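All remarks here apply to the structure that follows.
The values are calculated or read from the model by the stated rules, or taken from the named source; none is laboratory data. Everything quoted here is computed from the prediction, not taken from an experiment. Cβ coordinates were reconstructed from backbone atoms using ideal geometry, including for glycine residues, and neighbour counts include every protein chain displayed. Note: accessible area is taken over every heavy atom of the protein model, side chains too, but ligands, DNA and RNA are not part of it. Shrake-Rupley method; radii C 1.70, N 1.55, O 1.52, S 1.80 Å.
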Amino acid sequence: MDIQAIIFGVDAVNTKNGVPSMSEKTFFQLQKRGYKLAAVETVKNEKISSQSDILLGTARTLGVSAHKCAVVESAPFGIDAAKSSGMTAIGIGGAGNYIFADMCIGNISELLDIFA
């Protein structure tokens with residue numbers, strides 16, 4: 001997997017999915033490893049195409065092509081948007097067992113093993 005950027009759904013990094021200090025340490029380590037990071041807010045009632053536009057715009061802002069981005073999302077509609085954008089979709093929380101996710105994690109710190 002040739003990932004250069006990780007885009008987080010805002011709800012994927014809130015306190016219900018882990019301790020905030022764990023997230024901060026994980027983000028620092030990912031940045032130290034050279035990954036570009038961003039957070040976006042997807043809206044459940046928006047069309048998937050609108051959500052995909054948000055993700056694609058974020059990738060452009062980061063200077064990375066869509067297929068080199070991973071999206072960490074806690075909602076199935078966020079996973080759908082990532083997949084329709086051509087990005088790797090990682091489910092956490094409510095999307096942790098979503099069948100369309102490329103992989104699922106239990107907490108943010110697991111990203112350090114995936115993106116070693």
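Here Y35 fulfils each of the conditions (1) open to solvent by 70 Å² or more (accessible area, probe 1.4 Å); (2) of a type in the set (S, T, Y); (3) in contact with a Phe, Trp or Tyr (Cβ under 7 Å, 6 or more places away or on another chain) apart from (1).
Just one of A75, A82 is touching a residue at least 12 places away in the same chain (Cβ under 8 Å) and open to solvent by less than 10 Å² (accessible area, probe 1.4 Å); which is it?
A82
Residues in the stretch 93-113 that are closer than 14 Å to F27 by Cβ and not polar (S, T, N, Q): 4 in all. For the stretch 26-103, the strands (runs of 3 or more DSSP E) that sit wholly inside it and include 1 or more residues that are farther than 22 Å from A116 by Cα are 36-40. Looking only at residues in the stretch 104-115 that are touching a residue at least 40 places away in the same chain (Cβ under 8 Å) and assigned to a loop (DSSP other than H, G, I, E, B), which one is most open to solvent (accessible area, probe 1.4 Å)? Here the answer is N107.
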